[in-house]
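The values are calculated or read from the model by the stated rules, or taken from the named source; none is laboratory data. This structure is a prediction, so every number in the text was calculated from the model and none was measured. Using ideal geometry, Cβ is built from the backbone for each residue, glycine included, and neighbour counts are taken over all protein chains shown. For accessibility, only protein heavy atoms count, side chains too; no ligands or nucleic acids. Shrake-Rupley method; radii C 1.70, N 1.55, O 1.52, S 1.80 Å.
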Amino acid sequence: MISRNLKNVLVVSIGFLSLFTAYGGLQSLQSSLNAEEGMGVASLSVIYASIIVSSMFLPPIMIKNLGCKWTIVASMACYVAYSFGNLHPGWYTLMPTSVILGLGGSPLWSAKCTYLTISSNMQASKEGKRGSDVINQYFGIFFFNFQLSAVWGNLMSSLIFGQDTNIADIPEEQLQSCGAADCGLNVSVNSTTTRPAQELVWTLVGAYIGVGLLAMLIVAVFLDNIDREQASEFRGNREPFCHTFLATFRLLKDWRMVTLIPLTMYTGFEQSFIAGEYTKNYVTCALGIHFVGFVMMCFGASNSLCSFLFGRLARYTGRAALFALAALANFSCIIALLYWRPRPEQLPVFFIFSGLWGVADAIWQTQTNVLYSTLFPQEKEAAFANYRMWESLGFVIAFAYSTFLCLEYKLYILLAVLSLTGQITKLSKLKNKS
(Lines give C-alpha, C1' and ligand atoms only; values in the text may rest on other atoms or scores of the structure.)
Protein backbone atom coordinates (compact mmCIF):
# COMPACT_ATOMS: atom_id res chain seq x y z
CA MET A 1 0.00 0.00 0.00
CA ILE A 2 1.26 3.47 -0.86
CA SER A 3 1.38 6.12 1.83
CA ARG A 4 -1.32 8.75 2.15
CA ASN A 5 1.15 11.48 1.20
CA LEU A 6 2.27 9.67 -1.95
CA LYS A 7 -1.37 9.09 -2.86
CA ASN A 8 -2.00 12.83 -2.63
CA VAL A 9 1.04 13.57 -4.79
CA LEU A 10 -0.31 11.18 -7.43
CA VAL A 11 -3.77 12.82 -7.30
CA VAL A 12 -2.25 16.28 -7.80
CA SER A 13 -0.07 14.93 -10.59
CA ILE A 14 -2.96 13.30 -12.45
CA GLY A 15 -5.07 16.43 -12.03
CA PHE A 16 -2.33 18.60 -13.54
CA LEU A 17 -1.72 16.00 -16.26
CA SER A 18 -5.36 16.29 -17.30
CA LEU A 19 -5.53 20.10 -17.03
CA PHE A 20 -2.32 20.76 -18.96
CA THR A 21 -3.16 18.20 -21.62
CA ALA A 22 -5.61 20.92 -22.65
CA TYR A 23 -3.63 24.08 -21.92
CA GLY A 24 -0.28 22.75 -23.14
CA GLY A 25 -1.81 21.64 -26.42
CA LEU A 26 -3.43 25.03 -26.94
CA GLN A 27 -0.24 26.89 -26.03
CA SER A 28 1.83 24.94 -28.56
CA LEU A 29 -0.65 25.82 -31.31
CA GLN A 30 -1.28 29.51 -30.56
CA SER A 31 1.54 30.95 -32.68
CA SER A 32 0.39 28.85 -35.66
CA LEU A 33 -3.34 28.32 -35.19
CA ASN A 34 -4.20 31.92 -34.27
CA ALA A 35 -1.44 33.60 -36.26
CA GLU A 36 -3.60 36.40 -37.68
CA GLU A 37 -2.24 39.77 -36.46
CA GLY A 38 -0.20 37.88 -33.87
CA MET A 39 -3.37 37.18 -31.88
CA GLY A 40 -2.22 33.81 -30.51
CA VAL A 41 1.12 35.09 -29.24
CA ALA A 42 -0.61 38.22 -27.89
CA SER A 43 -2.97 36.03 -25.86
CA LEU A 44 0.02 34.19 -24.36
CA SER A 45 1.61 37.53 -23.47
CA VAL A 46 -1.60 38.62 -21.73
CA ILE A 47 -1.71 35.31 -19.81
CA TYR A 48 1.76 35.70 -18.37
CA ALA A 49 1.35 39.43 -17.72
CA SER A 50 -1.76 38.55 -15.71
CA ILE A 51 0.19 35.88 -13.84
CA ILE A 52 2.72 38.55 -12.85
CA VAL A 53 -0.09 40.68 -11.42
CA SER A 54 -1.73 37.77 -9.62
CA SER A 55 1.66 36.69 -8.18
CA MET A 56 1.89 39.99 -6.35
CA PHE A 57 -1.01 39.32 -4.01
CA LEU A 58 -3.35 36.42 -4.84
CA PRO A 59 -1.41 33.24 -3.84
CA PRO A 60 -0.91 33.99 -0.11
CA ILE A 61 -4.46 35.34 0.21
CA MET A 62 -6.15 32.40 -1.54
CA ILE A 63 -4.01 29.64 -0.01
CA LYS A 64 -4.33 30.95 3.54
CA ASN A 65 -8.11 31.39 3.20
CA LEU A 66 -9.12 28.44 1.04
CA GLY A 67 -6.29 26.01 1.69
CA CYS A 68 -4.21 24.41 -1.07
CA LYS A 69 -6.86 21.95 -2.30
CA TRP A 70 -9.64 24.44 -3.03
CA THR A 71 -7.19 27.01 -4.36
CA ILE A 72 -6.12 24.40 -6.93
CA VAL A 73 -9.73 23.61 -7.88
CA ALA A 74 -10.73 27.28 -8.24
CA SER A 75 -7.62 28.07 -10.28
CA MET A 76 -8.21 25.12 -12.59
CA ALA A 77 -11.57 26.65 -13.49
CA CYS A 78 -9.67 29.69 -14.83
CA TYR A 79 -7.73 27.45 -17.21
CA VAL A 80 -10.93 25.82 -18.47
CA ALA A 81 -12.28 29.30 -19.23
CA TYR A 82 -9.38 29.86 -21.66
CA SER A 83 -10.31 26.66 -23.51
CA PHE A 84 -13.84 28.02 -23.94
CA GLY A 85 -12.33 31.23 -25.36
CA ASN A 86 -10.64 29.17 -28.08
CA LEU A 87 -13.96 27.81 -29.37
CA HIS A 88 -14.47 31.08 -31.26
CA PRO A 89 -11.05 32.77 -31.10
CA GLY A 90 -11.03 36.51 -31.51
CA TRP A 91 -9.66 39.50 -29.68
CA TYR A 92 -12.92 39.80 -27.74
CA THR A 93 -12.84 36.16 -26.55
CA LEU A 94 -9.13 35.32 -26.20
CA MET A 95 -8.02 38.44 -24.35
CA PRO A 96 -10.60 38.31 -21.48
CA THR A 97 -10.15 34.57 -20.99
CA SER A 98 -6.36 35.04 -21.09
CA VAL A 99 -6.67 37.49 -18.21
CA ILE A 100 -8.86 35.03 -16.28
CA LEU A 101 -6.34 32.22 -16.81
CA GLY A 102 -3.46 34.46 -15.75
CA LEU A 103 -5.18 35.45 -12.53
CA GLY A 104 -5.59 31.77 -11.66
CA GLY A 105 -2.13 30.71 -12.83
CA SER A 106 -0.02 31.89 -9.93
CA PRO A 107 -2.36 30.62 -7.17
CA LEU A 108 -2.57 27.25 -8.95
CA TRP A 109 1.19 26.67 -9.07
CA SER A 110 1.88 28.20 -5.67
CA ALA A 111 -0.77 25.99 -4.07
CA LYS A 112 0.60 22.92 -5.85
CA CYS A 113 4.18 23.59 -4.76
CA THR A 114 3.07 24.37 -1.20
CA TYR A 115 0.99 21.18 -1.08
CA LEU A 116 3.88 19.02 -2.35
CA THR A 117 6.30 20.61 0.11
CA ILE A 118 3.96 19.99 3.05
CA SER A 119 3.40 16.38 1.95
CA SER A 120 7.14 15.83 1.48
CA ASN A 121 8.04 17.16 4.91
CA MET A 122 5.28 15.10 6.55
CA GLN A 123 6.55 11.94 4.86
CA ALA A 124 10.19 12.76 5.66
CA SER A 125 9.32 13.24 9.32
CA LYS A 126 7.40 9.94 9.34
CA GLU A 127 10.27 7.97 7.74
CA GLY A 128 13.15 9.80 9.43
CA LYS A 129 14.60 11.04 6.11
CA ARG A 130 15.98 14.40 5.03
CA GLY A 131 13.22 16.70 3.87
CA SER A 132 15.14 17.74 0.74
CA ASP A 133 15.46 14.11 -0.40
CA VAL A 134 11.73 13.46 -0.20
CA ILE A 135 11.01 16.85 -1.82
CA ASN A 136 13.26 15.85 -4.73
CA GLN A 137 11.47 12.51 -5.03
CA TYR A 138 7.95 13.95 -4.88
CA PHE A 139 8.66 16.79 -7.30
CA GLY A 140 10.23 14.26 -9.65
CA ILE A 141 7.09 12.11 -9.53
CA PHE A 142 4.92 15.17 -10.10
CA PHE A 143 6.86 16.44 -13.11
CA PHE A 144 7.07 12.93 -14.58
CA ASN A 145 3.28 12.83 -14.73
CA PHE A 146 2.82 16.53 -15.49
CA GLN A 147 5.15 16.56 -18.50
CA LEU A 148 3.23 13.65 -20.02
CA SER A 149 0.52 16.23 -20.66
CA ALA A 150 2.62 17.46 -23.59
CA VAL A 151 2.45 13.96 -25.05
CA TRP A 152 -1.32 13.52 -24.75
CA GLY A 153 -2.28 17.10 -25.58
CA ASN A 154 -0.15 17.19 -28.70
CA LEU A 155 -1.15 13.67 -29.73
CA MET A 156 -4.78 14.80 -29.67
CA SER A 157 -4.05 17.82 -31.84
CA SER A 158 -1.97 15.89 -34.39
CA LEU A 159 -4.47 13.06 -34.75
CA ILE A 160 -7.41 15.45 -35.13
CA PHE A 161 -5.70 17.95 -37.43
CA GLY A 162 -4.19 15.06 -39.41
CA GLN A 163 -7.71 14.40 -40.71
CA ASP A 164 -7.66 17.71 -42.58
CA THR A 165 -7.96 17.11 -46.33
CA ASN A 166 -6.37 20.46 -47.24
CA ILE A 167 -2.79 19.61 -46.24
CA ALA A 168 -0.45 20.87 -48.99
CA ASP A 169 3.20 20.28 -49.84
CA ILE A 170 5.69 22.88 -48.67
CA PRO A 171 6.91 25.06 -51.57
CA GLU A 172 10.65 25.50 -51.97
CA GLU A 173 10.30 29.26 -51.70
CA GLN A 174 8.87 28.91 -48.20
CA LEU A 175 11.56 26.45 -47.07
CA GLN A 176 14.16 29.11 -47.81
CA SER A 177 12.66 31.29 -45.05
CA CYS A 178 12.47 28.61 -42.35
CA GLY A 179 14.67 28.67 -39.26
CA ALA A 180 17.12 31.50 -38.68
CA ALA A 181 17.91 31.77 -42.40
CA ASP A 182 15.34 34.50 -42.77
CA CYS A 183 13.98 36.95 -40.25
CA GLY A 184 11.10 34.58 -39.49
CA LEU A 185 8.46 37.28 -39.01
CA ASN A 186 6.48 36.40 -42.14
CA VAL A 187 5.93 32.71 -41.45
CA SER A 188 2.38 33.41 -40.29
CA VAL A 189 1.24 34.35 -43.80
CA ASN A 190 2.44 31.14 -45.39
CA SER A 191 -0.01 28.48 -46.47
CA THR A 192 1.05 25.86 -43.94
CA THR A 193 -0.23 27.91 -41.03
CA THR A 194 -3.74 28.14 -42.51
CA ARG A 195 -6.26 27.12 -39.88
CA PRO A 196 -7.57 23.57 -40.24
CA ALA A 197 -11.27 23.06 -40.92
CA GLN A 198 -13.36 24.78 -38.25
CA GLU A 199 -15.11 21.52 -37.37
CA LEU A 200 -11.74 19.97 -36.48
CA VAL A 201 -10.84 22.97 -34.32
CA TRP A 202 -14.13 22.67 -32.44
CA THR A 203 -13.57 18.94 -31.95
CA LEU A 204 -10.12 19.52 -30.49
CA VAL A 205 -11.11 22.41 -28.22
CA GLY A 206 -14.19 20.49 -27.05
CA ALA A 207 -11.96 17.56 -26.07
CA TYR A 208 -9.64 19.96 -24.23
CA ILE A 209 -12.59 21.42 -22.31
CA GLY A 210 -13.62 17.91 -21.30
CA VAL A 211 -10.23 16.92 -19.88
CA GLY A 212 -10.00 20.28 -18.07
CA LEU A 213 -13.30 19.65 -16.30
CA LEU A 214 -12.11 16.13 -15.49
CA ALA A 215 -9.04 17.61 -13.79
CA MET A 216 -11.22 19.73 -11.50
CA LEU A 217 -13.33 16.69 -10.60
CA ILE A 218 -10.31 14.50 -9.79
CA VAL A 219 -8.80 17.04 -7.39
CA ALA A 220 -12.12 18.00 -5.78
CA VAL A 221 -13.07 14.38 -5.05
CA PHE A 222 -9.82 12.55 -4.32
CA LEU A 223 -7.32 15.08 -2.88
CA ASP A 224 -7.05 15.28 0.92
CA ASN A 225 -7.41 18.72 2.45
CA ILE A 226 -4.22 18.45 4.51
CA ASP A 227 -4.01 22.13 5.47
CA ARG A 228 -7.68 22.60 6.42
CA GLU A 229 -6.84 23.42 10.04
CA GLN A 230 -4.25 26.03 9.08
CA ALA A 231 -6.73 27.72 6.72
CA SER A 232 -9.49 27.69 9.38
CA GLU A 233 -7.09 29.12 11.95
CA PHE A 234 -6.04 31.87 9.54
CA ARG A 235 -9.64 32.82 8.81
CA GLY A 236 -10.35 32.96 12.54
CA ASN A 237 -7.25 35.01 13.40
CA ARG A 238 -6.72 37.16 10.34
CA GLU A 239 -3.45 38.94 9.78
CA PRO A 240 -3.73 42.52 8.53
CA PHE A 241 -4.54 42.53 4.80
CA CYS A 242 -1.41 44.53 3.95
CA HIS A 243 0.75 41.93 5.70
CA THR A 244 -0.60 39.14 3.49
CA PHE A 245 -0.72 41.35 0.39
CA LEU A 246 2.94 42.31 0.64
CA ALA A 247 4.27 38.84 1.55
CA THR A 248 5.57 38.26 -1.99
CA PHE A 249 7.52 41.52 -2.04
CA ARG A 250 8.92 41.22 1.48
CA LEU A 251 10.74 38.08 0.41
CA LEU A 252 12.72 40.14 -2.11
CA LYS A 253 14.70 41.52 0.83
CA ASP A 254 16.36 38.10 1.03
CA TRP A 255 19.50 38.05 -1.15
CA ARG A 256 18.89 34.40 -1.99
CA MET A 257 15.61 35.28 -3.69
CA VAL A 258 17.28 38.06 -5.67
CA THR A 259 19.98 35.62 -6.77
CA LEU A 260 17.32 33.23 -8.06
CA ILE A 261 15.68 35.80 -10.34
CA PRO A 262 17.88 35.27 -13.47
CA LEU A 263 17.47 31.49 -13.28
CA THR A 264 13.71 31.75 -12.78
CA MET A 265 13.28 34.21 -15.65
CA TYR A 266 15.30 31.95 -17.93
CA THR A 267 12.82 29.11 -17.40
CA GLY A 268 10.19 31.43 -18.89
CA PHE A 269 12.41 32.37 -21.83
CA GLU A 270 13.29 28.78 -22.72
CA GLN A 271 9.72 27.47 -22.44
CA SER A 272 8.38 30.32 -24.57
CA PHE A 273 10.98 29.56 -27.24
CA ILE A 274 10.11 25.89 -27.63
CA ALA A 275 6.35 26.57 -27.51
CA GLY A 276 6.31 29.67 -29.72
CA GLU A 277 9.38 30.07 -31.90
CA TYR A 278 10.44 26.48 -32.52
CA THR A 279 6.93 25.30 -33.34
CA LYS A 280 6.30 28.18 -35.76
CA ASN A 281 9.64 28.95 -37.42
CA TYR A 282 10.95 25.41 -37.68
CA VAL A 283 8.16 22.80 -37.42
CA THR A 284 5.16 24.60 -38.94
CA CYS A 285 7.27 26.36 -41.57
CA ALA A 286 9.05 23.24 -42.85
CA LEU A 287 6.62 20.42 -42.04
CA GLY A 288 3.17 21.98 -41.52
CA ILE A 289 0.95 22.65 -38.52
CA HIS A 290 -0.22 19.01 -38.35
CA PHE A 291 3.34 18.01 -37.32
CA VAL A 292 3.54 20.39 -34.35
CA GLY A 293 1.84 17.90 -32.04
CA PHE A 294 4.10 14.99 -32.96
CA VAL A 295 7.30 17.01 -32.45
CA MET A 296 6.09 18.42 -29.14
CA MET A 297 5.16 14.90 -28.02
CA CYS A 298 8.86 14.06 -28.18
CA PHE A 299 9.57 17.12 -26.03
CA GLY A 300 6.98 16.02 -23.48
CA ALA A 301 8.13 12.39 -23.38
CA SER A 302 11.80 13.23 -22.79
CA ASN A 303 10.79 15.89 -20.28
CA SER A 304 8.63 13.44 -18.36
CA LEU A 305 11.19 10.62 -18.20
CA CYS A 306 14.04 12.95 -17.25
CA SER A 307 11.96 14.67 -14.55
CA PHE A 308 11.52 11.33 -12.82
CA LEU A 309 15.15 10.31 -13.39
CA PHE A 310 16.73 13.56 -12.22
CA GLY A 311 14.42 13.72 -9.20
CA ARG A 312 16.12 10.55 -8.00
CA LEU A 313 19.64 11.30 -9.24
CA ALA A 314 19.85 14.72 -7.58
CA ARG A 315 20.72 13.24 -4.18
CA TYR A 316 23.84 11.67 -5.70
CA THR A 317 24.94 14.25 -8.26
CA GLY A 318 23.89 17.47 -6.53
CA ARG A 319 21.89 20.24 -8.17
CA ALA A 320 24.91 22.12 -9.55
CA ALA A 321 25.86 19.25 -11.87
CA LEU A 322 22.31 18.95 -13.16
CA PHE A 323 22.03 22.70 -13.78
CA ALA A 324 25.32 22.53 -15.70
CA LEU A 325 23.94 19.68 -17.84
CA ALA A 326 20.77 21.66 -18.63
CA ALA A 327 22.79 24.73 -19.56
CA LEU A 328 25.04 22.67 -21.84
CA ALA A 329 22.06 21.07 -23.58
CA ASN A 330 20.35 24.42 -24.19
CA PHE A 331 23.60 26.10 -25.28
CA SER A 332 24.29 23.35 -27.82
CA CYS A 333 20.76 23.50 -29.22
CA ILE A 334 20.80 27.31 -29.53
CA ILE A 335 24.09 27.32 -31.43
CA ALA A 336 22.89 24.54 -33.74
CA LEU A 337 19.53 26.25 -34.38
CA LEU A 338 21.34 29.39 -35.49
CA TYR A 339 22.89 27.48 -38.38
CA TRP A 340 20.33 24.75 -39.13
CA ARG A 341 18.16 25.20 -42.22
CA PRO A 342 15.18 22.86 -41.67
CA ARG A 343 13.82 20.77 -44.53
CA PRO A 344 11.10 18.06 -44.61
CA GLU A 345 13.58 15.29 -45.47
CA GLN A 346 15.43 15.98 -42.18
CA LEU A 347 12.48 14.75 -40.11
CA PRO A 348 14.50 13.04 -37.30
CA VAL A 349 16.37 16.28 -36.57
CA PHE A 350 13.14 18.04 -35.57
CA PHE A 351 12.59 15.39 -32.90
CA ILE A 352 16.22 15.46 -31.72
CA PHE A 353 16.04 19.17 -30.95
CA SER A 354 12.72 18.88 -29.11
CA GLY A 355 13.98 15.84 -27.18
CA LEU A 356 17.17 17.58 -26.04
CA TRP A 357 15.18 20.66 -25.08
CA GLY A 358 12.92 18.41 -23.01
CA VAL A 359 15.92 17.00 -21.13
CA ALA A 360 17.07 20.51 -20.21
CA ASP A 361 13.58 21.71 -19.30
CA ALA A 362 13.13 18.72 -16.98
CA ILE A 363 16.12 19.91 -14.97
CA TRP A 364 15.10 23.57 -14.95
CA GLN A 365 11.58 22.68 -13.77
CA THR A 366 12.28 20.04 -11.12
CA GLN A 367 15.45 21.45 -9.60
CA THR A 368 14.33 25.08 -9.51
CA ASN A 369 11.14 24.09 -7.69
CA VAL A 370 13.14 21.96 -5.24
CA LEU A 371 15.59 24.83 -4.71
CA TYR A 372 12.74 27.17 -3.76
CA SER A 373 11.30 24.56 -1.38
CA THR A 374 14.68 24.03 0.27
CA LEU A 375 15.67 27.68 0.60
CA PHE A 376 12.35 29.04 1.86
CA PRO A 377 10.63 26.34 3.97
CA GLN A 378 8.87 28.90 6.20
CA GLU A 379 7.68 31.21 3.40
CA LYS A 380 6.42 28.64 0.91
CA GLU A 381 3.44 30.61 -0.43
CA ALA A 382 5.41 33.82 -0.97
CA ALA A 383 8.41 31.95 -2.38
CA PHE A 384 6.42 30.13 -5.04
CA ALA A 385 4.48 33.30 -5.83
CA ASN A 386 7.86 34.89 -6.59
CA TYR A 387 8.75 31.88 -8.70
CA ARG A 388 5.65 32.30 -10.86
CA MET A 389 6.08 36.07 -11.05
CA TRP A 390 9.65 36.00 -12.33
CA GLU A 391 9.10 33.00 -14.60
CA SER A 392 6.07 34.76 -16.08
CA LEU A 393 8.11 37.92 -16.62
CA GLY A 394 10.44 35.82 -18.77
CA PHE A 395 7.43 34.56 -20.75
CA VAL A 396 6.03 38.07 -21.19
CA ILE A 397 9.29 39.57 -22.43
CA ALA A 398 9.87 36.70 -24.87
CA PHE A 399 6.32 36.76 -26.24
CA ALA A 400 6.35 40.57 -26.38
CA TYR A 401 9.30 40.77 -28.78
CA SER A 402 8.18 37.66 -30.68
CA THR A 403 6.29 39.61 -33.35
CA PHE A 404 8.94 42.20 -34.24
CA LEU A 405 12.43 40.73 -33.59
CA CYS A 406 14.09 38.44 -36.10
CA LEU A 407 14.58 34.83 -35.00
CA GLU A 408 18.37 35.17 -35.02
CA TYR A 409 18.21 37.96 -32.43
CA LYS A 410 15.77 35.94 -30.30
CA LEU A 411 18.31 33.12 -30.16
CA TYR A 412 21.06 35.54 -29.14
CA ILE A 413 18.85 36.94 -26.37
CA LEU A 414 18.14 33.41 -25.14
CA LEU A 415 21.88 32.74 -25.11
CA ALA A 416 22.55 35.93 -23.12
CA VAL A 417 19.91 35.15 -20.48
CA LEU A 418 21.27 31.60 -20.16
CA SER A 419 24.71 32.98 -19.37
CA LEU A 420 23.26 34.97 -16.45
CA THR A 421 22.00 31.82 -14.74
CA GLY A 422 25.54 30.63 -13.95
CA GLN A 423 25.51 32.48 -10.67
CA ILE A 424 23.00 29.99 -9.28
CA THR A 425 25.61 27.21 -9.26
CA LYS A 426 27.35 28.55 -6.17
CA LEU A 427 24.07 28.95 -4.32
CA SER A 428 22.97 25.40 -5.15
CA LYS A 429 26.29 24.05 -3.90
CA LEU A 430 25.88 25.89 -0.62
CA LYS A 431 22.41 24.45 -0.08
CA ASN A 432 22.94 21.04 -1.65
CA LYS A 433 23.16 19.27 1.71
CA SER A 434 20.29 21.16 3.28
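Tabulated data
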read-out	value
Residue in segment 100-118 that is out of contact with any Lys or Arg (no Cβ under 8 Å at 6 or more places or on another chain), under 25 Å from residue 360 (Cβ atoms), in a helix (DSSP H, G or I) and among the polar types (S, T, N, Q) present	no
Every residue from segment 40-55 that is modelled with pLDDT of 85 or more and under 13 Å from residue 275 (Cα atoms)	44, 45
Residue under evaluation residue 203, criteria (1) under 30 Å from residue 77 (Cβ atoms); (2) at pLDDT 80 or above; (3) open to solvent by less than 40 Å² (accessible area, probe 1.4 Å), criterion not met	(3)
Segment 173-200: number of residues that are modelled with pLDDT of 80 or more and not polar (S, T, N, Q)	6
Positions within segment 26-72 being among the small types (Gly, Ala, Ser) and either over 20 Å from the mean Cα position of the chain (by Cα) or outside any helix (DSSP H, G or I) (or both), in sequence order	35, 38, 67
Some residue of segment 59-82 being over 24 Å from residue 380 (Cβ atoms) and free of Cβ contacts under 8 Å to residues at least 40 places away in the same chain	yes
Residues satisfying the stated conditions in segment 1-39, i.e. closer than 30 Å to residue 88 by Cα, at pLDDT 85 or above and either touching a Leu at 6+ places or on another chain (Cβ under 7 Å) or open to solvent by 30 Å² or more (accessible area, probe 1.4 Å) (or both)	14, 17, 18
Which listed residue is of a type in the set (Gly, Ala, Ser), free of Cβ contacts under 8 Å to residues at least 40 places away in the same chain and closer than 17 Å to residue 227 by Cα, from 119, 125, 110	125
Top-ranked residue of segment 50-102 - restricted to ones that are aromatic (Phe, Trp, Tyr) and more than 27 Å from residue 252 (Cβ to Cβ), ranked as surrounded by the most Cβ atoms within 10 Å (Cβ to Cβ)	82
Residue that is surrounded by the most Cβ atoms within 10 Å (Cβ to Cβ) [pool: residues in segment 125-157 that are touching a Leu at 6+ places or on another chain (Cβ under 9 Å), under 19 Å from residue 29 (Cβ atoms) and among the aliphatic types (A, V, I, L, M)]	148
Condition met for residue 402 (at pLDDT 85 or above and among the polar types (S, T, N, Q))	no
In segment 323-354, residue farthest from residue 418 (Cα to Cα) [restricted to those that are out of contact with any Pro (no Cβ under 8 Å at 6 or more places or on another chain) and open to solvent by less than 10 Å² (accessible area, probe 1.4 Å)]	342
So residue 112, is it modelled with pLDDT of 90 or more and of a type in the set (D, E, K, R)	yes
